[in-house]
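Q: Quick one: this structure, given as structure tokens, is what I'll be asking you about.
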Amino acid sequence: MTPLDEAMERLRDRGSRIAVVGASNAAYKFGNIITLDLLNHGYTVLPVNPHERQVAGLTVYRDADGRAEAGGHRGRGHAPEVTRQILE
């Protein structure tokens with residue numbers, strides 16, 4: 001099992017709701033790719049984006065605080081080069 005598989009398994013064990021900050025309807029953006037992938041793996045996605053009304057047919061939260069009552073984990077969709085900068 002890869003480290004990514006292990007992380008996904010831990011998330012599954014803790015709950016199936018994940019907020020994706022930066023969820024998007026633009027197919028080329030990571031926020032869209034991540035949202036669709038999580039949905040395809042059976043997670044309940046709570047999309048967060050102040051500029052969208054719906055993503056993948058789901059109602060969008062305006063900010064991460066707005067989804068707090070729904071619970072779940074938070075995730076952010078960033079391009080790989082941005083993620084590297086955050087980690088460094």
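Q: Starting from the stretch 34-51, keep only residues that are part of a strand (DSSP E or B), then list their pairs with residues that are modelled with pLDDT under 90 and of a type in the set (Val, Ile, Thr) whose Cβ atoms are within a distance under 8 Å, requiring at least 6 positions of separation or different chains.
A: Thr44/Ile18; Val45/Ile18; Val45/Val20; Leu46/Ile18; Leu46/Val20; Pro47/Val20; Val48/Val20; Val48/Val21
Q: I'd like the full set of residues that are more than 17 Å from Ala7 (Cβ to Cβ) and surrounded by fewer than 18 Cβ atoms within 10 Å (Cβ to Cβ), limited to the stretch 41-55.
A: Thr44, Pro50, His51, Arg53, Gln54
Q: Sticking with this structure for a sec: When both residues are 6+ apart or on different chains and their Cβ atoms are under 6 Å apart, which pairs have a first residue that lies in the stretch 2-18 and is closer than 21 Å to Tyr61 by Cα, and a second that is part of a loop (DSSP other than H, G, I, E, B) and modelled with pLDDT of 70 or more?
A: Sorted first by the residue in the stretch 2-18, then by its partner, the pairs are Ser16/Tyr43; Ile18/Tyr43.
The values are calculated or read from the model by the stated rules, or taken from the named source; none is laboratory data. The shown structure was predicted, so the numbers you read here are calculated from the model rather than taken from an experiment. As a convention, Cβ positions derive from the backbone with ideal geometry for all residues, glycine included, and neighbour counts pool all protein chains shown.
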